[in-house]
Amino acid sequence: LADDDLPLHGVFIRAPRVRELGPEVEVLGEREGEPVLLRDGRLLLAAFHPELTDDLRVHALFLEMVEEAQRKEVGVGA
């Protein structure tokens, strides 16, 4: 995430827990040693609600992923 030196505050409401990770899963964020933000290719998983804070880094990452997928679809650089 951009500015990943800064803590990312999340709102957890009945948050799911990740029990296993596949070999391609990238852990982007943890809370108390547990993964809470993950990416697997074109999929993004957050165990919290990024829309309930003013921090837009998760939203920005999602938009970057959409743009990346669109570039790959039309064959324009990756």
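A few notes on this one:
- Each residue, Val11 and Glu34, gets one label point 7 Å from its Cα in the Cβ direction; the gap between the two is 2.0 nm.
- For Leu45, net neighbour charge (Lys/Arg +1, Asp/Glu -1) across residues whose Cβ lies under 11 Å away: -1
- Quotient of Cα Rg and 2.2 N^0.38 Å for the chain, N being how many residues it contains: 1.18
- Multiplying the residue separation of Glu73 and Leu45 by 0.36 nm and subtracting their alpha-carbon distance yields 7.9 nm.
- Charge tally for Gln70 (other residues, Cβ to Cβ under 14 Å; Lys, Arg +1; Asp, Glu -1): -1.
- Proximity of backbone amide H atoms, modeled 1.01 Å from N, is registered between Leu28 and Leu37, Leu38, Arg39 at under 5 Å, excluding neighbours fewer than 5 places apart on the same chain.
- Rounded to 10°, Cα long-axis angle of helix 57-74 versus longest principal axis of the chain: 20
Taken together, the values in this text are just the output of simple stated rules run on the coordinates, not laboratory data. A quick note: this is a predicted structure, and the numbers were derived from the prediction, not measured. Every residue, glycine as well, gets a Cβ built from its backbone with ideal geometry; the counts of neighbours run over all protein chains shown.
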